[in-house]
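Data first, discussion second: the structure below is written as structure tokens.
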């Protein structure tokens, strides 16, 4: 675990998610600049991406195969 704040972090979502698959992300420390992206080569869209994170922060997304979108649900 990092000793302090993380200046920049990139999270890449799974390349081949299943319908209704959930992605839970938790943070133990502050992330000043957070970049979330879909996997290279996918045609997915991400809705509700985080741009920063707080210590003990969390979020959840669910994938819908019918329209290839990751939706933030929590």
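Checking 43, 66 one by one, the residue that is touching a residue at least 40 places away in the same chain (Cβ under 8 Å) and loosely packed, with under 12 Cβ neighbours inside 10 Å is 66 and no other. Considering the conditions (1) on the phi < 0 side of the Ramachandran plot; (2) assigned to a loop (DSSP other than H, G, I, E, B), residue 61 is excluded by exactly one of them, (2).
Read the figures in this text as sums done on the coordinates, not as results from a lab. Just so we're clear, the structure is a prediction, and the values are computed from it rather than from any experiment. Cβ atoms come from the backbone with ideal geometry, glycine included; neighbour counts cover every protein chain shown.
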